[in-house]
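Below you'll find the structure, written out as structure tokens, and then a few comments.
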């Protein structure tokens with residue numbers, strides 16, 4: 001709804017959208033009718049990205065990614081995510097495809113959001129999930145959850161002992177989700193440049209960097225356009241091969 005409202009807004013530089021990159025890189029492949037044209041939203045700035053973490057309840061026998069995949073090969077393994085098409089759903093499906101598991105090996109149990117999915121795993125209702133950990137690394141440190149791998153191309157500062165999926169044996173896997181600042185198409189260039197400069201100035205502040213790090217958000221290492229292009233190429237393939245649809 002927010003993306004549709006901004007896509008139709010007057011392009012005067014006064015109405016902007018901050019959204020996950022999935023608003024552009026996933027939803028157009030997932031929905032038959034988004035209610036807006038993604039071409040009407042212009043990327044202005046990458047405000048940082050986050051990884052998702054492969055988590056299991058401590059009662060689950062898997063202590064590594066290899067053991068997790070082996071368990072899924074022998075019997076269907078249920079996992080939670082925030083919703084159909086959420087980062088956790090997409091990451092797990094991407095993992096399944098790269099690991100060569102059959103479609104039925106990983107059974108999706110969608111929840112009403114990431115916090116609900118995290119609760120489902122902590123309580124033991126669902127044994128696993130690929131979730132944003134945010135401010136909750138203590139759930140791993142305390143033993144209430146076991147982290148098997150992180151989704152990015154480098155380890156997370158808050159969980160330095162947990163390997164990346166690629167390190168753990170599935171090369172080519174990398175998933176990060178970015179917070180992107182977008183403007184309606186037709187917004188004057190001076191206005192978008194002012195917003196981009198404001199974003200750079202904000203991300204340069206030590207207090208902002210510390211707060212983002214506490215949430216598991218990494219500073220951008222590529223611009224918004226390049227990030228969106230790479231993510232769109234990945235998710236279009238994953239969604240198509242998985243047969244995901246929302247109508």
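Hey, what D do you get for the chain in µm²/s if you plug the Kirkwood alpha-carbon radius into Stokes-Einstein at 20 °C and 1.002 mPa s? Estimated diffusion coefficient is 114 µm²/s. With a simple spin-label model that places each label point 7 Å from the Cα along the Cα-to-Cβ direction, the separation between residue 39 and residue 103 comes to 3.2 nm. Compared with the dominant Cα axis of the chain, that is its longest principal axis, helix 87-99 is turned about 60°. Averaging the Cα positions of each part gives two centres, and for the stretch 187-242 and the stretch 68-82 these lie 31 Å apart.
Here the residues 235, 195, 215, ranked from fewest to most Cβ neighbours within 10 Å of their Cβ, fall in the order 215, 195, 235.
Run through the DSSP bridge list for the stretch 53-150 and note the antiparallel percent, rounded to the nearest 5.
Antiparallel bridges: around 55 percent, rounded to the nearest 5.
At the listed q of 0.22 Å⁻¹, the Debye profile of the stretch 53-150, built from one uniform point per Cα, gives log10 I(q)/I(0) equal to -1.13.
Seen against the Cα atoms of the chain and their longest principal axis, helix 65-74 is set at about 70 degrees. Under 12 Å from a label point set 7 Å out along the Cα-to-Cβ vector of residue 229, no amide N atom of the stretch 47-76 is found. Between the helical axis of 189-203 and the longest alpha-carbon principal axis of the chain there is an angle of about 40 degrees. Note on the stretch 98-172: Rg/Rh from C-alpha atoms, Kirkwood Rh, equals 0.96.
Nearest 0.05, what FRET efficiency do residue 161 and residue 138 give at R0 = 25 Å with Cβ-Cβ as r? Efficiency, from the Cβ-Cβ distance: 0.95. Looking at the chain, the DSSP beta bridges with both ends there are about 70 percent antiparallel. Centre-to-centre, using Cα atoms only, the stretch 1-16 and the stretch 94-152 are separated by 34 Å. Ranking of 38, 228 by neighbouring Cβ atoms within 10 Å, starting from the fewest: 38, 228. On the beta carbon distance between residue 31 and residue 116, with R0 = 25 Å, the FRET formula returns roughly 0.70.
Under the rule a/c < 1.5 gives rounded, and otherwise a/b versus b/c splits prolate from oblate, where does the stretch 33-99 land using the Cα gyration tensor? Let's see the in-between values first.
Details: a/c = 2.97, a/b = 2.23, b/c = 1.33.
Since a/c reaches 1.5 and a/b is larger than b/c, the shape of the stretch 33-99 is classed as prolate.
For 208, 150, the sequence from fewest to most other C-beta atoms within 10 Å is 208, 150.
We did not get these values from a lab; they are worked out from the coordinates using the rules stated. Just so we're clear, the structure is a prediction, and the values are computed from it rather than from any experiment. Counting neighbours? That spans all protein chains shown, and the Cβs are built from the backbone with ideal geometry, glycine included.
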